[in-house]
Amino acid sequence: MKKLKNGIFATLAILFSILASATITKAQAVKNVVLVHGAFADGSGWKPLYNILTKKGYNVTIVQNPLSSLEDDVAATHLALDKQDGPAILVGHSWGGTVITQAGNHPKVAALVYVAAVQPDSGETTVQWLQTAPPAPENGVLPPDDKGIVYYDKAKYHAGFCADIPKADADFMYASQGAFHAKGFITPVTKAAWKDKPSYGIVATEDKSIVPEIQRNMYKRSNTKITEVKGSHVVFLSQPAAVAKVVIEAATNSK
């Protein structure tokens, strides 16, 4: 009888251990975050957000987009996702929103976060959405040059791209921007990941590069959860705590 009781207690202990382990696993949030920058910038702008997230225990990877085509930027993002040891939150800014819309079909992507970002549907291009509202007067996106590369007007960069950061920081961002090949703007997405993955969108209410009206219309169309943050196009740099809050929400709600 004593052996039987001991056996029952041992079995119950194992069951409780399994149940406790399962509960803990279920409660664990996604801990990997992959950040994808947009045009007229590079990955260095993510540093304030990186600092906040890593201090909270997240494993953050920053993609350096070649900006040579949508396909190349998606490939670079896939390389970063391949390296993750589990599910990841995929975050895109501006043009990076188009990239994560395509790259987000990767099996390790648990959720998408759009930061003042473009969010096309399958078969749509970036430029389609950029043309749905008149540009702000401060917008400085120039026509493609003779090599098919698009730059931002230096004279308008601070006011049009990042008005709420110091001029010295804006000058650094301008100097470190990649060469964006215009064909990316006219390349359609083949499969929009937001149709299958939870999506969160940050509207930068003072944005002069992608006017807030465009951001709201894209996010409403896709039933993306919207958070409005007062900030310029680089809201992730000027308001990193607000952006981090949305990323953490996505990670906490994803398994």
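The values are calculated or read from the model by the stated rules, or taken from the named source; none is laboratory data. Note that the structure is predicted; figures quoted are calculated from it, not measured. Note that we place each Cβ from the backbone using ideal geometry, even for glycine, and neighbour counts take in every protein chain shown. We work out accessible area using only protein heavy atoms, side chains counted, and drop any ligands, DNA or RNA first. Shrake-Rupley method; radii C 1.70, N 1.55, O 1.52, S 1.80 Å.
Details
- Coil-residue trypsin sites (Lys or Arg not before Pro) of region 170-236, DSSP, other Cβ within 10 Å capped at 14: LYS191, LYS230
- Rounded to the nearest 20 debye, the dipole size of region 117-255 about its Cα centre is 480 debye, using +1 on the Cβ of Lys and Arg and -1 on the Cβ of Asp and Glu.
- Whole-angstrom gap from region 145-166 to region 64-91, using each part's C-alpha centre: 24
- Residue-normalised convex hull volume from the C-alpha trace of region 66-188: 122 Å³ per residue.
- Using only side-chain charges placed at the Cβ, +1 for Lys and Arg and -1 for Asp and Glu, the dipole size of the chain relative to its Cα centre rounds to 1620 debye.
- Here each label is just a point 7 Å from Cα along the line to Cβ, and for ALA179 and LYS220 those points are 4.1 nm apart.
- Listed residues THR77, ILE186, ASN59: farthest to the positive end of the dipole of the chain (Cβ charges): ASN59
- Förster-model FRET efficiency, 25 Å R0, LYS147 and ASN51, C-beta, rounded to 0.05: 0.10
- Per residue accessible area in Å² of region 102-151, where ligands, DNA and RNA are left out and the probe is 1.4 Å: 44
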